[in-house]
Structure formats: structure tokens, C-alpha cells
Amino acid sequence: MKGNKKCALAAAVVIVVAAAFAVVIINPSTTPLASPPYERSLLSRFPVSLDLLFKMDQPTQRNNTLNAIKFGMTEGSVLFIVPYPNYLHGFHSPATFKWYLYAGRPLAVSFPIGTHMNIMQDRGNTTEIINGTAIRVDLHVVFALTYYVSVILDHVCINQSLFDAWQATSTTLMWGDYGKWVSIPGNATLGYTHNSTALDFYLTDKTVFNYDTTTDYASILHAANPFFYFTPAVQAQIITYYQSQYDAMKQSGLYVEGAMNRTYSINEANSIFGTWFYHNGFMVLNSSHHQYGWYAFDGAVLNILNVNKTDNQTFYKDRNTGLDFNDSMIGVFYDAQYVHVAGYSPIGGKYMYYKEGSYSQGIACLSNFFTNTRPGPIFLKYQLIPGSSSMFGDMLRVEYFTSLLAAQGGFTASNLTYARLYEHM
């Protein structure tokens, strides 16, 4: 996690009373800088009420959601919990293992253990009254549980008094990361979910390396599946609540990610499968294309997921035909879309059906699945260019055609090259 690297030394620990609990602003002179022995600190309960998240108190709304999962909705829809074990599409960073929690109402948020909070982004600069309390809404916040493990909540709503306490402190170095660190006691209500947006829930562990270590993108490099950071009792509780949603997803057959307790890597050596970042081609980029980040433009990121890495209990049906996949189904394709670039027409989320070649060079047919920005079928011509040392040196050349015959010809000036390694452009 990056932050302002100007370390202002505080004279003493400052205590601020906020929302009926003590908030401790960290004194850097007492903050451990050396890495201690690894400690996972399993959470002994979920950060919001599972009863309320799964609408156990609202049987009609609960049944409506379950029926929509079975008969109408698809990938990335508004469920109770949307799991992404290790698959980027849309606005997800690769390998974040991010969960979306769709409460649809204000639910109290707290952790069973003490945490250190640093606010990374205040999107709306807005305060609302929630449950009679002034709440700062739509924040991106890091909660450090230990030297190694942090939980990140995005679109969370934080008590205004806690937000004010965070603003009042200085940037310090704590546990290897810079930030305005404020200590929050265990079980203290730090804020709420919002009724109009999901709560993004993901976790990083500095001992986890699920990406090439030369990247400076921590949410890729150190991301871990949150499921394994709860006690066994809470894991069982999560699965029990989640089972009805999972059963509905199995009946649907349209959900790429189903199980919450899987871990794998989307990147696969000697194949086109993985997350790919734009490297070069006909797209002419300028600073306006990076307004939401380095890869914040149409065609910035390709996500090519092997069908064998999906949950085959919940993903087995083509929504266009209603039929189960045949042997030519090889995966799911998505090109992240953010800011328009002249000459590039976004593809969207597509099924991938094999036409010819191999997993390293060939042609696949892309047919409509979700967020179908460009109607299919589209014929994807691809060529893997192996790296010299590891798969993170690989490059991928792609081009899109409207017919198989055209794709069977050579690459044209419209081809684009992507790299596996995230890099500042």
C-alpha cells in the first residue's frame, strides 16, 4: 500500500473520543518497524451481520433474490455475496479475491479484534445521517490487522468523528506502510454499509506472492482469499449461510465463480490464459486516458480465463442457447473498459469457443455472455510470444475479426500486443 512518504513525527500518543469509543492516533516512535514472526490472526466473526446480509429477516426479498439467481441474473449480478476467488473482470484488480457484499441497507461494520485504520480515498466528500449518526460515505479504507495482514473495505461509510480523527493525525510509518494510522478497538462499530452500493471486501497478506514479485501493485502481489482468514467455526458459518445462494447458482449454470473457498491462479504458463496488460499497438494514449489509473482505458486489460478454472458446479451453460457447453468451450474473455480510446471498440464479456490452433496460437470465437459491448460473434486471433525467463515475460498478440475466414489470414496493422506484467506506461 502506497501513501505519502513524508513521515511527520508526533510528540506523543493522542487520544480522541469518537462515536463512543477511544481512537488512538499512532505514535511512530513506538511503532514496530522490524517484521515480527508471522501472525495470521483469524477473525472470529464476519464484519457485518450474516443474518441481515442474507436477508433472513426479510423472507420475501430473500426469496426474490434467490429466484432471480436461478432464472434471470448472471455473472457479476447483485447477489448476497459475489465471490471472485482470482478472476478479474470489469473494475476488479487481478487476483484481488474481492468479495462484493450487497446489503442494500445500512449494516453496522466492525472487526472482532483491534485494527489500525488508514483512509486511502474519499470519493464523495459527503456526510449523511445513518441511524442517527453523522457518517462519511463512500470511502476506500485499509484496516491493518497485523504487520502482515490487512483488510480493505471499499465504498464503506465511516463515522464522521472517526474520519475527523484520521484527518487530524500526521502521516507515519507503521508496520512497513505509510499512512495516517488511527487505532480502533475490537468490536467497535466503525461505520456502515450503504443502501445504494456494495461493500467491497478484500484482504492482503505480505507473505502471499501470487504474482510476479517485480510488480509494485500490492493488491495483485499480496492478495489472498478472505475465506481462509476466518476461524474454522466462522468458515462453516459462512458456508451455511451461503449454501442457498450456491444452490441457486448451480441451478442457473451461468456463474463463473461459485465456491468461496477456492484458490488458484488465472495466469497459466505456455498458454493465452491469464491477465494481460496493454503494451503496444495502434492505440494512441495520453494523460486523459489514465485519469482513473494507469490502465484506465478501453482495451487496457484482457482477462482470459480457462474454463477448467471456473466452478463447474455453477458454470456449465451457454445463456444464448440454454444448452450445456460442448467440448469446444475453452473459457471466458473480458476486456476491461473505462475510458474511450479512439479506434478501439470494447468487446465485453464473452464465452470463448475453440476454432483452430492451440492454446498458444490459434483462433477462438467470442459469443455474447455479459456486458456485451460489441455484439458477437467475434473471431479472436491470438499468438503467445514466450518470455525468456518466466511466463511473466510473455507477450500476447491479438486481433479481432468479424469472420473466421478473415481471422485465418495474417495479423494486420490493427493487432494489439499485451504483457503479463503490470507496469507503469
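The values are calculated or read from the model by the stated rules, or taken from the named source; none is laboratory data. All of these numbers come straight from a predicted model, not from anything done at the bench. FYI the Cβ positions are ideal-geometry reconstructions off the backbone, even for glycines, and counts take in every protein chain you see.
Mind checking whether some residue in region 31-52 is surrounded by 12 or more Cβ atoms within 10 Å (Cβ to Cβ), modelled with pLDDT under 75 and in a strand (DSSP E or B)? No, region 31-52 contains no residue that is surrounded by 12 or more Cβ atoms within 10 Å (Cβ to Cβ), modelled with pLDDT under 75 and in a strand (DSSP E or B). Scanning region 302-319 for residues that are surrounded by fewer than 18 Cβ atoms within 10 Å (Cβ to Cβ) and within 22 Å of Q243 (Cα to Cα) turns up N312, Q313, K317.
The set of residues in region 184-214 that are modelled with pLDDT under 95 and of a type in the set (S, T, N, Q) comprises N195, S196, T197, T204, T207, N210, T213, T214.
Of the listed requirements (1) part of a loop (DSSP other than H, G, I, E, B); (2) buried (at least 20 other Cβ atoms within 10 Å of the Cβ), H289 misses just one: (1). Scoring W166 on the criteria (1) under 30 Å from P36 (Cα atoms); (2) free of Cβ contacts under 8 Å to residues at least 24 places away in the same chain leaves a single failure, condition (2).
The condition of being more than 21 Å from P36 (Cα to Cα) and surrounded by fewer than 17 Cβ atoms within 10 Å (Cβ to Cβ) holds for only one of G176, G191, G114, G124, that being G124.
Restricting attention to region 153-175, does a residue exist that is within 21 Å of the chain's Cα centre (by Cα), at pLDDT below 95 and among the aliphatic types (A, V, I, L, M)? No - not one qualifying residue is present in region 153-175. In summary, strands (runs of 3 or more DSSP E) completely within region 333-425 and bearing 1 or more residues that are over 28 Å from Y292 (Cβ atoms) and not basic (K, R) occur at 349-357, 361-370, 378-385, 395-401.
When W294 is tested against (1) touching a Gly at 6+ places or on another chain (Cβ under 9 Å); (2) more than 18 Å from I266 (Cα to Cα), only condition (1) is not met. The residues in region 53-86 that are in a helix (DSSP H, G or I) and of a type in the set (A, V, I, L, M) can be counted, and the count is 4.
Scan region 305-325 and give yes if some residue there is within 25 Å of M56 (Cβ to Cβ) and part of a helix (DSSP H, G or I), otherwise no. Taking every residue of region 305-325 in turn, none turns out to be within 25 Å of M56 (Cβ to Cβ) and part of a helix (DSSP H, G or I).
Looking only at region 226-281, filter to residues that are modelled with pLDDT under 90 and of a type in the set (S, T, Y); which one of those is farthest from F143 (Cα to Cα)? In this case the residue turns out to be T275. Of all positions in region 61-71, none carries a residue that is assigned by TED's automatic domain parsing to the domain that holds Y102, hydroxyl-bearing (S, T, Y) and surrounded by fewer than 12 Cβ atoms within 10 Å (Cβ to Cβ). Being assigned by TED's automatic domain parsing to the domain that holds N280, under 27 Å from N320 (Cβ atoms) and either of a type in the set (D, E) or crowded, with 17+ Cβ neighbours inside 10 Å (or both) is a property that does not hold for L405. Restricting region 271-286 to residues that are of a type in the set (S, T, N, Q) and assigned to a loop (DSSP other than H, G, I, E, B), the residue that is surrounded by the fewest Cβ atoms within 10 Å (Cβ to Cβ) is N286.
Specify the residue that is surrounded by the fewest Cβ atoms within 10 Å (Cβ to Cβ); the eligible residues are those in region 320-346 that are without any contact (Cβ under 8 Å) to a residue 60 or more places away in the chain and touching a Phe, Trp or Tyr at 6+ places or on another chain (Cβ under 7 Å). Across region 320-346, the extreme among qualifying residues is S328.
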